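The structure appears below as structure tokens.
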Amino acid sequence: MTAATMDRARYMASELIRMESRGSGDLENAMRRLGSRHGMNWRLFWTLRYRAPRDMMVSAFEKLDAAYRAECTRQLKRLEHELQVARLAGAAVDDIAAEAACLVAEAEGGEA
């Protein structure tokens with residue numbers, strides 16, 4: 001794999017850990033939860049966070065990419081729900097809601 005691909009893998013792992021973590025003492029547990037949820041070895045997250053691997057298997061990269069896309073889609077749907085709740089409460093969120101809907105459709109279409 002190229003250096004750019006490895007950088008992308010490290011970025012995705014870092015973002016997944018950031019989204020899953022519940023605080024500074026929860027990093028390893030977050031890695032374990034991510035590994036369990038996405039059918040991956042949690043040590044992959046540890047390695048990508050603390051060591052710069054020279055190479056990684058394509059199947060591991062594909063699982064990491066799928067996990068990243070799934071988590072981004074989940075976060076976007078969560079945002080869309082929050083905007084619906086805000087709209088029902090009377091907040092003016094139409095512009096933001098339209099943008100969120102476009103982002104969700106884009107993520108579901110595989111263009112993240």
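The values are calculated or read from the model by the stated rules, or taken from the named source; none is laboratory data. Please read all numbers here as calculations on a predicted model, not as lab measurements. Note that we place each Cβ from the backbone using ideal geometry, even for glycine, and neighbour counts take in every protein chain shown. Each accessible area value is taken on the protein alone, full model and side chains, heavy atoms only, with ligands, DNA and RNA left out. Shrake-Rupley method; radii C 1.70, N 1.55, O 1.52, S 1.80 Å.
Note on the stretch 40-65: among residues that are of a type in the set (S, T, N, Q) and part of a helix (DSSP H, G or I), the one that is surrounded by the fewest Cβ atoms within 10 Å (Cβ to Cβ) is Ser59. Scanning the stretch 66-77 for residues that are at pLDDT 90 or above and open to solvent by 40 Å² or more (accessible area, probe 1.4 Å), we see that the one that is farthest from Arg10 (Cα to Cα) is Ala70.
Total residues in the stretch 78-90 satisfying the condition of being among the hydrophobic types (A, V, I, L, M, F, W, C) and either more than 26 Å from Glu106 (Cβ to Cβ) or open to solvent by 50 Å² or more (accessible area, probe 1.4 Å) (or both): the figure is 4.
Is it fair to say Val104 is over 30 Å from Thr2 (Cα atoms) and among the β-branched types (Val, Ile, Thr)?
Details: over 30 Å from Thr2 (Cα atoms): no; among the β-branched types (Val, Ile, Thr): yes.
Criteria not met by Val104.
Answer with yes or no whether Arg22 is within 20 Å of Arg78 (Cβ to Cβ), without any contact (Cβ under 8 Å) to a residue 24 or more places away in the chain and not in a helix (DSSP H, G or I).
Values: within 20 Å of Arg78 (Cβ to Cβ): yes; without any contact (Cβ under 8 Å) to a residue 24 or more places away in the chain: yes; not in a helix (DSSP H, G or I): yes.
The answer is yes for Arg22.
Of the residues making up the stretch 50-70, those that are under 12 Å from Arg37 (Cα atoms) and of a type in the set (S, T, N, Q) number 0. What's the number of the only condition in (1) hydrophobic (A, V, I, L, M, F, W, C); (2) open to solvent by 60 Å² or more (accessible area, probe 1.4 Å); (3) over 15 Å from the mean Cα position of the chain (by Cα) that Leu103 fails to meet? Looking at each condition in turn, Leu103 falls short on (3).
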